[in-house]
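Reading through the structure tokens given below for one structure.
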Amino acid sequence: MRLLTLRTGNGTSTVAVRQDGDTLTEIDGFANVGELLKDAAWEAKAKAAAGATHPLAGADLDAVVPSPGKIICVGHNYRNHIKEMGREVPEFPTLFAKYAESLIGPNDDLALPQESDAVDWEAELAVVIGKAGRRISEADAKDHIAGYAVLNDVSMRDYQFRTIQWLQGKTWEKSTPFGPALVTRDEFSAGPLMTSEVDGEVQQSTPTSDLVFTPEFLVSYISTIITLNPGDVIATGTPGGVGHAQDPKRYLQEGQLLVTTIEGLGQLKNRVVKEA
């Protein structure tokens, strides 16, 4: 099942929808996918939904979960990225946070902030929590995952590396495309190819199975520290091919098109523009 958050009324309101081919069906009573996941019967209600319909073509999509309670990101989780950044394979996950204000829709413009000239791409597999839990065992972790989506952890490298703490380069306002759909766990598991392209040139291309720490391990590890709630997001890390590691370094420029794809999950298409 594929669940999306559709903007309606000229973008002034949203509704959770189920995608069936080229048709989007409203899931009555839920303003977005995050709100839907808070209902213990979310899966049954989404399957049974028979609300108003909309064409997928031309749909104005919001971030699939627009306001997660938590966005927890993982650094150094693909061996080829660890190598290109000159690091050692970690014993434990490297964790940092993002905030909901950083999220944008899967087709929204990506604004270059006035303060940074080192804006980089980071294709990532996102895990969305569907069932609350604390100290979840790795064996039980799959039962707490609602599904998966595509995310790009766009990073302002000049701010990121001002200190040894990364947050200031990772959670810029309206910098993180997320979507287009939550694909439920019964229809996807880590493995398919993930790519990022800039103006049609492939920058990153790595199977999502090439993780140091799996989604299930991350759910277990993070839930040891803090309760994971429905709608929370775990961004599982990026593979090699980021612009910062290239020689010479490459960063996003006005007018470019950033495309992030995971086979079976969908695609983000974000035009790079100047911040208003």
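The values are calculated or read from the model by the stated rules, or taken from the named source; none is laboratory data. Only a predicted model underlies this, so the values are computations on that prediction, with no experimental measurement involved. Backbone-built Cβ (ideal geometry, glycine too); neighbour counts: all protein chains shown.
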Quick one: in the range 150-167, of everything that is surrounded by fewer than 17 Cβ atoms within 10 Å (Cβ to Cβ) and touching a residue at least 60 places away in the same chain (Cβ under 8 Å), which residue is nearest to Thr261 (Cα to Cα)?
-> Leu167
Determine which single condition Val74 fails, assuming it passes every other condition in (1) in contact with a Pro (Cβ under 8 Å, 6 or more places away or on another chain); (2) without any contact (Cβ under 8 Å) to a residue 12 or more places away in the chain.
-> (2)
If you check Ala123, Ala139, Ala100, Ala132, which single one turns out to be among the aliphatic types (A, V, I, L, M), closer than 25 Å to Lys274 by Cβ and surrounded by fewer than 23 Cβ atoms within 10 Å (Cβ to Cβ)?
-> Ala100
Residue in the range 34-51 that is under 17 Å from Gly179 (Cβ atoms) and either free of Cβ contacts under 8 Å to residues at least 12 places away in the same chain or of a type in the set (Phe, Trp, Tyr) (or both) present | no
Has the range 192-205 got at least one residue that is in contact with a Ser or Thr (Cβ under 8 Å, 6 or more places away or on another chain), assigned to a loop (DSSP other than H, G, I, E, B) and surrounded by 18 or more Cβ atoms within 10 Å (Cβ to Cβ)?
-> no
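Going by the structure shown, is Pro113 touching a residue at least 60 places away in the same chain (Cβ under 8 Å) and crowded, with 23+ Cβ neighbours inside 10 Å?
Values: touching a residue at least 60 places away in the same chain (Cβ under 8 Å): yes; crowded, with 23+ Cβ neighbours inside 10 Å: no.
Answer is no for this residue.
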Considering only the range 229-274, state which residues are modelled with pLDDT under 95 and of a type in the set (A, V, I, L, M).
-> Ala245
Considering every residue within the range 199-213, establish whether at least one is within 27 Å of Val273 (Cα to Cα) and of a type in the set (A, V, I, L, M, F, W, C).
-> yes
Going through the range 243-273 one residue at a time, which ones are of a type in the set (Lys, Arg) and either under 14 Å from Glu197 (Cα atoms) or crowded, with 19+ Cβ neighbours inside 10 Å (or both)?
-> Arg250, Lys269, Arg271
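Restricting the range 187-207 to residues that are touching a residue at least 60 places away in the same chain (Cβ under 8 Å) and of a type in the set (D, E, K, R), which is farthest from Val15 (Cα to Cα)? Talk me through it step by step, then tell me what you get.
Restricting attention to the range 187-207, the residues satisfying the condition of being touching a residue at least 60 places away in the same chain (Cβ under 8 Å) are 187-188, 190, 192-198, 203-204, 206.
Those left that are additionally of a type in the set (D, E, K, R): 187, 197.
Details: Glu187: 23, Glu197: 30 Å.
Selected residue: Glu197.
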